[in-house]
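J.: Dumping the structure here so I can ask a few things about it.
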Amino acid sequence: MSYHDVYTESGYLAYGRAEAAPDTEADRPARPRPAAARADRTDALLALAREAGMLVTLDGQIGRERYQSVAGSVASLMRFVTALEQSLLDGDQ
């Protein structure tokens with residue numbers, strides 16, 4: 001599953017390319033955002049960060065809430081951005 005699949009399934013859309021943002025919240029179809037979808041979205045994002053060479057650290061966990069940090073060089077940040085853009089573009093096709 002690509003990040004784009006998780007990103008759009010979660011009810012969030014990437015604006016700024018060819019899409020136009022909805023005028024109001026009422027224009028957007030109501031989609032439930034179950035915890036599993038949010039977790040999948042987070043896992044996909046963190047996987048892209050790891051693949052780009054960034055360090056993902058679990059700082060702590062309270063109940064179900066996980067607190068994680070992501071750190072890396074500017075070069076790894078650029079690789080992450082490129083991978084994220086590519087994932088979003090692959091999902092458009």
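The values are calculated or read from the model by the stated rules, or taken from the named source; none is laboratory data. Only a predicted model underlies this, so the values are computations on that prediction, with no experimental measurement involved. Note that we place each Cβ from the backbone using ideal geometry, even for glycine, and neighbour counts take in every protein chain shown.
J.: For region 60-80, give me each residue that is loosely packed, with under 12 Cβ neighbours inside 10 Å and within 22 Å of ALA39 (Cα to Cα).
T.: Passing the criteria: GLY60, GLN61, ILE62, GLY63, ARG64, GLU65, TYR67, SER69, ALA71.
J.: Here are some residues: ALA36, ALA44. Which one is surrounded by 13 or more Cβ atoms within 10 Å (Cβ to Cβ), assigned to a helix (DSSP H, G or I), at pLDDT 60 or above and within 17 Å of the chain's Cα centre (by Cα)?
T.: Values: ALA36 fails: surrounded by 13 or more Cβ atoms within 10 Å (Cβ to Cβ).
Every option except ALA44 fails the conditions.
J.: Cβ-Cβ distance below 6 Å, separation of 6 or more or different chains: which pairs start in region 42-56 with a residue that is free of Cβ contacts under 8 Å to residues at least 40 places away in the same chain and end on one that is among the small types (Gly, Ala, Ser) and part of a helix (DSSP H, G or I)?
T.: Note: pairs meeting the criteria are ALA52/SER76; ALA52/ALA83; GLY53/SER76; MET54/SER76; VAL56/ALA49.
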